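Colleague: Shown below is the structure under consideration.
The values are calculated or read from the model by the stated rules, or taken from the named source; none is laboratory data. All values reported here derive from a predicted model rather than from experimental measurement. Neighbour counts run over all protein chains shown; Cβ positions are idealised from the backbone, glycine included.
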Amino acid sequence: MTRSSTKRDLLSMDDLSVEEIRRLFQRTRLLKEAQKAGRNEPTLAGQTLGMIFEKPSTRTRVSFETGMFQLGGQALFLSTQDIQLGRGEELSDSARVLSRYVDGIMVRTFAHHNVEVMAEYATVPIINGLSDDFHPCQVLADLFTYEEYRGPLPGRRVAWVGDGNNMANTWIQAAARLGFQLVLACPVNYGPDAKLLAHAQREAIASGGAVEVVRHPSDAVRGADLVCTDTWTSMGQESERQRRLRAFAGYRVDEALMREAKADALFMHCLPAHRGEEVSAGVLDGPQSVIWDEAENRLHVQKAILEWLMGRDTL
Ligand code: CP
Ligand code: NVA
């Protein structure tokens, strides 16, 4: 399916204005209520989402596929092991060919550049379903989840403990855009992307947010309203696992660390989690953890994203 040159993409949080994030969340609330009440509306009837996966997935695959079904459309699971992309067909060619069949493409890949190439050559919207640099769908679901529980994030303090990875980068963009305080505690050599950090720190001046990197987990978590972590070994880094286990010793989010946060602080993890590594079982399965709501909200937020990008009405 071809589409106008004004098509939009979601490659990172930088693709959404604050106003658009707010409207996306308003729509998410309505879609969630409707789904709970058994009143899904077929706003994307007859439309198809192609989903290219170069890495494994449970949540992203199932929530996008289910979301498209609930909106009256369908999703195609395209593993790079099965499509010609995996045998070396160029990304730019794949993007142009798929654009003649489907109405939107979700991509989970390694290099972020791959998502940018897809966006450049596809004539339909591209959604980043996780790259080595960013995971916008997850962080949008996390922001929505926090606000469901505790109200507006601007003015709050969020702690990130662990790896300066794709999730950390995306939280940094979110803090700068929406205007909340983000303090990341990362070991030496495992901090977030320096250029991205500097850019976000400049943007945060205008939004009223702040982004800071510290060394010790307690310095990030003290007084936090929300504590987040993620795996120490992201997809594609499996050969570094032993080195990473050593580097991240002391960065586990456990009950003692959570006691440094505010008494009503929430805990988030995008999953999959490794109990006893980046988080203790007590915290992950404890009363402050909202991990199942985060996972569920992927579905609702992504339905709003799909409508925004593929539907007739834009945000
Ligand atoms: N959080 C997340 O993206 O999970 P999957 O890797 O299972 O999709
Ligand atoms: N940082 C993790 C997130 C998984 C959803 C990874 O990239 O593997």
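Colleague: What number of residues in region 51-85 are closer than 18 Å to THR28 by Cα, surrounded by fewer than 18 Cβ atoms within 10 Å (Cβ to Cβ) and of a type in the set (A, V, I, L, M, F, W, C)?
Modeller: Qualifying residue count, region 51-85: 2.
Colleague: Tally up the residues in region 278-314 that are away from ligand 1 (no atom under 16 Å from the Cβ), touching a helix residue (DSSP H, G or I) at 6+ places or on another chain (Cβ under 8 Å) and closer than 24 Å to ALA249 by Cα, please.
Modeller: 5
Colleague: Look at region 51-77 and say how many of its residues are closer than 23 Å to CYS270 by Cα, of a type in the set (Gly, Ala, Ser) and away from ligand 2 (no atom under 16 Å from the Cβ).
Modeller: So the answer is 2.
Colleague: Within region 76-92, identify whether any single residue is in contact with a strand residue (DSSP E or B) (Cβ under 8 Å, 6 or more places away or on another chain), closer than 17 Å to LEU309 by Cβ and in contact (Cβ under 8 Å) with a residue 60 or more places away in the chain, and answer yes or no.
Modeller: no
Colleague: Show the residue pairs meeting these rules: Cβ distance below 8 Å; 6+ apart or different chains; first residue within region 146-168 and within 29 Å of ASN189 (Cα to Cα); second residue of a type in the set (Lys, Arg).
Modeller: Hits for this filter: ARG156/ARG150; ASP163/ARG244.
Colleague: Then there's this: Being in contact with a strand residue (DSSP E or B) (Cβ under 8 Å, 6 or more places away or on another chain) and closer than 17 Å to ASP14 by Cα is the filter here; which residues of region 143-173 pass it?
Modeller: Matches in region 143-173: MET167, ALA168, TRP171, ILE172.
Colleague: Among the hydrophobic types (A, V, I, L, M, F, W, C) and away from ligand 1 (no atom under 16 Å from the Cβ): is that true of ALA174 in this structure? It would help to see each step written out before you state the result.
Modeller: Numbers: among the hydrophobic types (A, V, I, L, M, F, W, C): yes; away from ligand 1 (no atom under 16 Å from the Cβ): no.
No: the conditions fail for ALA174.
Per-residue answers, yes or no, for (1) surrounded by 15 or more Cβ atoms within 10 Å (Cβ to Cβ); (2) farther than 24 Å from GLY191 by Cα; (3) in contact with a strand residue (DSSP E or B) (Cβ under 7 Å, 6 or more places away or on another chain); (4) of a type in the set (Ser, Thr, Tyr):
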site: GLU260; (1), (2), (3), (4): yes, no, no, no
site: ARG275; (1), (2), (3), (4): no, no, no, no
site: ALA281; (1), (2), (3), (4): no, yes, yes, no
site: ASP285; (1), (2), (3), (4): no, yes, no, no
site: VAL290; (1), (2), (3), (4): yes, yes, yes, no
site: ALA304; (1), (2), (3), (4): yes, yes, no, no
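Colleague: A further question on this structure: Keeping to region 184-198, report how many residues are surrounded by 22 or more Cβ atoms within 10 Å (Cβ to Cβ) and either hydrophobic (A, V, I, L, M, F, W, C) or over 22 Å from ARG244 (Cα atoms) (or both).
Modeller: So the first thing to find is which residues in region 184-198 are surrounded by 22 or more Cβ atoms within 10 Å (Cβ to Cβ), and the list is 184-186, 192.
After this cut, where a residue has to be either hydrophobic (A, V, I, L, M, F, W, C) or over 22 Å from ARG244 (Cα atoms) (or both) as well, the list is 184-186.
The total comes to 3.
Colleague: State the number of residues belonging to region 154-192 that are closer than 23 Å to THR109 by Cα and either modelled with pLDDT under 95 or within 13 Å of ligand 2 (Cβ to nearest atom) (or both). Full working, then the answer.
Modeller: Pass one, region 154-192, residues closer than 23 Å to THR109 by Cα: 162-174, 190-192.
Subsequent filtering for residues that are either modelled with pLDDT under 95 or within 13 Å of ligand 2 (Cβ to nearest atom) (or both) retains 162-171, 190, 192.
Total meeting the criteria: 12.
Colleague: So, one more: Can you pull out every residue in region 225-251 that is among the charged types (D, E, K, R), more than 15 Å from ligand 2 (Cβ to nearest atom) and under 21 Å from the mean Cα position of the chain (by Cα)? Working first, answer last.
Modeller: Taking region 225-251 and keeping what is among the charged types (D, E, K, R), we get 225, 230, 238, 240-241, 243-244, 246.
Add one more test, that the residue is more than 15 Å from ligand 2 (Cβ to nearest atom), and what stays is 225, 243, 246.
The answer is ASP225, and nothing else.
Colleague: So, in region 112-130, of the ones that are more than 16 Å from ligand 1 (Cβ to nearest atom) and assigned to a helix (DSSP H, G or I), which residue ends up farthest from the chain's Cα centre (by Cα)?
Modeller: Looking only at region 112-130, we keep the residues that are more than 16 Å from ligand 1 (Cβ to nearest atom), and these are 113-114, 116-126.
Adding the requirement that they be assigned to a helix (DSSP H, G or I) leaves 113-114, 116-121.
On the way: HIS113: 17, ASN114: 17, GLU116: 17, VAL117: 20, MET118: 18, ALA119: 18, GLU120: 21, TYR121: 23 Å.
Among them, the one singled out is TYR121.
Colleague: Count, please, the residues in region 110-153 that happen to be within 16 Å of ligand 2 (Cβ to nearest atom) and β-branched (Val, Ile, Thr).
Modeller: Total satisfying the criteria: 4.
Colleague: Can you find a residue in region 160-168 that is more than 19 Å from the chain's Cα centre (by Cα) and assigned to a loop (DSSP other than H, G, I, E, B)? Show your work before the answer.
Modeller: Step one: of region 160-168, the residues more than 19 Å from the chain's Cα centre (by Cα) are none.
No, there is no match, as no residue in region 160-168 is more than 19 Å from the chain's Cα centre (by Cα) and assigned to a loop (DSSP other than H, G, I, E, B).
Colleague: Could you identify the single residue in TYR149, TYR121 that is aromatic (Phe, Trp, Tyr) and touching a helix residue (DSSP H, G or I) at 6+ places or on another chain (Cβ under 7 Å)?
Modeller: None of the other options fit; the residue is TYR121.
Colleague: Being in a helix (DSSP H, G or I) and either within 16 Å of ligand 2 (Cβ to nearest atom) or more than 28 Å from ARG177 (Cα to Cα) (or both) is the requirement here; does THR43 meet it? Spell out how you get there, then give the answer.
Modeller: Numbers: in a helix (DSSP H, G or I): no; either within 16 Å of ligand 2 (Cβ to nearest atom) or more than 28 Å from ARG177 (Cα to Cα) (or both): yes.
No.
Colleague: Okay, moving on. Consider ALA265 carefully, then state whether it is small (Gly, Ala, Ser), within 21 Å of the chain's Cα centre (by Cα) and at pLDDT 95 or above.
Modeller: Details: small (Gly, Ala, Ser): yes; within 21 Å of the chain's Cα centre (by Cα): yes; at pLDDT 95 or above: yes.
Answer is yes for this residue.
Colleague: Can you pull out the residues in region 34-50 that are within 15 Å of HIS300 (Cβ to Cβ), loosely packed, with under 15 Cβ neighbours inside 10 Å and either among the aliphatic types (A, V, I, L, M) or in contact with a Leu (Cβ under 7 Å, 6 or more places away or on another chain) (or both)?
Modeller: Within region 34-50, just ALA37 meets the criteria.
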